[in-house]
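Notes follow once the structure below has been shown.
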Ligand code: PTT
Ligand code: SF4
């Protein structure tokens with residue numbers, strides 16, 4: 001087998017043992033790598049109902065045939081587990097030196113099982129694994145942890161670590177790497193913390209296997225240069241992801257005040273031009289020629305790396321428009337290792353629930369100093385307030401009651417990213433149907449929808465577009481895995497990706513092969529959800545109910561009086577299920593699963609819930 005290492009490293013933290021296992025070429029070609037490997041491994045190895053924060057959950061670090069090879073933006077790693085936030089499959093895609101080092105150590109996958117008795121980190125050096133005490137690291141933030149491990153193992157060592165958020169099992173804690181990378185929104189940091197695992201460090205010395213290394217290197221290096229030239233020409237990385245903020249504000253799609261409002265006159269204070277002007281450093285992932293990590297100084301003088309989601313959720317969504325204060329909230333999330341998107345949503349929901357008399361408390365929109373305290377309290381689970389905030393919006397709403405469930409802005413427990421879908425039905429569908437919850441990484445159709453379609457329409461074309469984008473993102477970018485930005489932001493031709501894959505693996509795949517694999521992965525992700533929640537129905541695929549409430553419609557501006565309509569959303573959902581071959585509850589049918597080569601999985605699912 002060329003292109004893949006064919007090896008999995010299985011580490012058991014309870015017994016302090018490890019073993020190298022191989023996987024077959026059939027497995028590699030059926031699941032590609034990254035998310036594909038992770039969802040299949042977790043489906044096979046986890047019993048339904050397993051405690052996500054117990055020793056029987058497993059953390060999977062998964063790479064694929066493009067990971068770490070010289071090709072545009074190939075420095076990404078998938079981290080996955082059963083999520084403590086949503087109770088189903090969860091993953092994240094993180095830029096890290098671990099992508100390169102793990103492949104050089106001879107592995108495509110690490111499976112971490114069990115739980116260490118005391119805080120530890122693991123050091124993987126080619127075929128050796130050491131279990132080392134995390135004394136001196138446990139209780140520390142991610143910046144200090146990363147620095148200490150870099151001092152010991154070198155700047156290019158592959159390092160994944162957690163902060164106090166993960167240690168204290170904050171349900172939306174992430175895994176961090178390098179200066180400003182973060183991944184695993186649905187609580188992958190908490191899964192590490194529950195295993196008493198502070199960090200994973202990897203160093204490898206072997207060659208990454210490729211069918212024709214010389215040809216692949218020539219192609220990849222030339223293309224990295226071309227992507228860099230396209231970026232310079234388009235100037236995309238001057239503002240990076242935050243270029244979209246001004247557009248969202250103009251289009252009435254910005255999250256403001258717990259997504260109650262869709263634009264704000266002060267939003268310009270945080271837009272791409274302002275964050276770019278405040279830049280003091282630029283960071284990025286390995287193997288990238290369009291680095292997008294813009295760091296600014298926060299109120300306390302720390303470097304804080306900003307992306308659009310961070311700015312949108314910690315700025316306008318909390319009605320905080322002071323760039324330094326917003327950057328302070330972002331820095332704290334990074335240091336504690338808690339997700340910026342969920343943090344912004346949780347705090348906004350808390351302020352909204354207090355406003356509406358559903359919760360007691362003293363937090364108000366716009367209060368940056370109190371927001372800092374609350375982020376700290378959540379990360380440390382300080383007191384009853386810290387504890388409830390650490391559990392995320394869905395559980396907060398269950399506790400608060402009094403109708404607050406309607407405006408807790410999550411789907412399946414995962415908080416919405418920074419696109420306010422008050423009157424954007426296609427993007428609302430993209431959030432609603434995500435088997436992991438509401439994450440723009442699955443399908444970001446908002447620019448297409450607002451630029452190229454009638455905004456308020458619920459046509460089949462929108463459902464088709466959601467499926468098309470899900471196929472591209474999961475089949476190519478989450479599974480090879482690679483960063484999607486050359487394609488999304490610079491228009492780098494998708495046909496380049498089968499060319500890299502074929503050069504690395506000696507295959508003759510076309511884009512359709514990736515899309516078919518993506519459908520298989522998606523069907524299994526939704527089957528995973530159905531196995532965990534056998535009584536599911538289509539309401540699991542609805543966006544927050546406040547979007548359907550006429551009283552929530554904007555009182556002024558370009559979408560004045562507009563809101564989503566439930567009967568029409570149901571029609572859109574029917575189109576989506578029909579295109580995917582899922583039943584009216586949103587469960588893949590037996591025919592669909594069998595066509596995708598998932599007969600065994602359909603049989604297993606049938607033992608737990610109805611498979612039509
Ligand atoms: C990603 C999510 C995003 S998506 C952002 S900003 W974005 C937030 N970033 C956080 C952060 O920072 N610190 C923190 N404590 N929490 C954070 N949570 C949020 O996490 C990220 C980039 C970005 S920046 C995006 S869009 C793209 N995402 C990709 C993806 O999902 N898949 C893929 N194949 N390529 C992608 N390229 C881009 O990567 P999650 P990163 Mg990320 C500080 O992890 O869980 O997927 O959530 O990994 O290396 O930091 O790169 O406007
Ligand atoms: Fe990382 Fe940004 Fe480069 Fe993508 S574009 S690889 S997220 S630095």
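The values are calculated or read from the model by the stated rules, or taken from the named source; none is laboratory data. Bear in mind that the values here come from a model prediction, so they are computed numbers and not experimental data. Please note: Cβ atoms are built from the backbone with ideal geometry, for glycine as well, and neighbour counts cover all protein chains shown.
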Among the residues of the stretch 160-184, write down those that are within 16 Å of ligand 2 (Cβ to nearest atom) and modelled with pLDDT of 95 or more. 160, 174, 175, 176, 177, 178, 181, 182, 183, 184
Quick test for you: out of 16, 76, 30, pick the one residue that is in contact (Cβ under 8 Å) with a residue 12 or more places away in the chain, touching a strand residue (DSSP E or B) at 6+ places or on another chain (Cβ under 6 Å) and surrounded by fewer than 24 Cβ atoms within 10 Å (Cβ to Cβ). 16
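Out of curiosity, is residue 269 within 16 Å of ligand 2 (Cβ to nearest atom), over 21 Å from the mean Cα position of the chain (by Cα) and at pLDDT 95 or above? Show your work before the answer.
Details: within 16 Å of ligand 2 (Cβ to nearest atom): no; over 21 Å from the mean Cα position of the chain (by Cα): yes; at pLDDT 95 or above: yes.
It is false that residue 269 is within 16 Å of ligand 2 (Cβ to nearest atom), over 21 Å from the mean Cα position of the chain (by Cα) and at pLDDT 95 or above.
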Are any residues in the stretch 382-408 buried (at least 17 other Cβ atoms within 10 Å of the Cβ) and over 23 Å from the mean Cα position of the chain (by Cα), and if so, which ones? 385, 386, 400, 404, 405
Scanning the stretch 372-398 for residues that are without any contact (Cβ under 8 Å) to a residue 12 or more places away in the chain and not in a helix (DSSP H, G or I) gives 382
Answer with yes or no whether residue 231 is crowded, with 18+ Cβ neighbours inside 10 Å, touching a residue at least 12 places away in the same chain (Cβ under 8 Å), part of a helix (DSSP H, G or I) and within 16 Å of ligand 1 (Cβ to nearest atom). yes
Residue 341 passes all but one of the listed conditions (1) within 27 Å of the chain's Cα centre (by Cα); (2) more than 16 Å from ligand 2 (Cβ to nearest atom); (3) assigned to a helix (DSSP H, G or I); the exception is number (2)
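What do you reckon, is residue 191 closer than 19 Å to residue 85 by Cα and near ligand 1 (Cβ under 9 Å from one of its atoms)? Talk me through it step by step, then tell me what you get.
Working: closer than 19 Å to residue 85 by Cα: yes; near ligand 1 (Cβ under 9 Å from one of its atoms): no.
Answer is no for this residue.
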Options 347, 416: the member that is crowded, with 20+ Cβ neighbours inside 10 Å, within 26 Å of residue 250 (Cα to Cα) and without any contact (Cβ under 8 Å) to a residue 60 or more places away in the chain: 347
Which is more than 16 Å from ligand 2 (Cβ to nearest atom), buried (at least 19 other Cβ atoms within 10 Å of the Cβ) and under 25 Å from residue 92 (Cβ atoms), of 411, 483? 411
Only one of (1) assigned to a loop (DSSP other than H, G, I, E, B); (2) farther than 21 Å from residue 88 by Cβ; (3) in contact with a helix residue (DSSP H, G or I) (Cβ under 7 Å, 6 or more places away or on another chain) does not apply to residue 402, and that is (3)
Take the residues of the stretch 454-472 that are in contact (Cβ under 8 Å) with a residue 40 or more places away in the chain and closer than 25 Å to residue 29 by Cβ: which is farthest from ligand 1 (Cβ to nearest atom)? 467
Checklist (1) surrounded by fewer than 15 Cβ atoms within 10 Å (Cβ to Cβ); (2) in contact (Cβ under 8 Å) with a residue 60 or more places away in the chain applied to residue 544, failing item: (1)
Looking at the stretch 304-325 only, could you name the residues that are within 16 Å of ligand 2 (Cβ to nearest atom) and under 14 Å from residue 368 (Cα atoms)? 311
Count of residues meeting criterion [touching a strand residue (DSSP E or B) at 6+ places or on another chain (Cβ under 8 Å) and within 16 Å of ligand 2 (Cβ to nearest atom)] in the stretch 275-291: 11
Those residues of the stretch 424-449 that are assigned to a loop (DSSP other than H, G, I, E, B) and touching a residue at least 40 places away in the same chain (Cβ under 8 Å) come to a total of 9
Would you say residue 353 is closer than 20 Å to residue 169 by Cα, away from ligand 1 (no atom under 14 Å from the Cβ) and modelled with pLDDT of 95 or more? no
Collect the residues in the stretch 297-322 that are touching a strand residue (DSSP E or B) at 6+ places or on another chain (Cβ under 7 Å) and part of a helix (DSSP H, G or I), keeping them in residue-number order. 316, 317
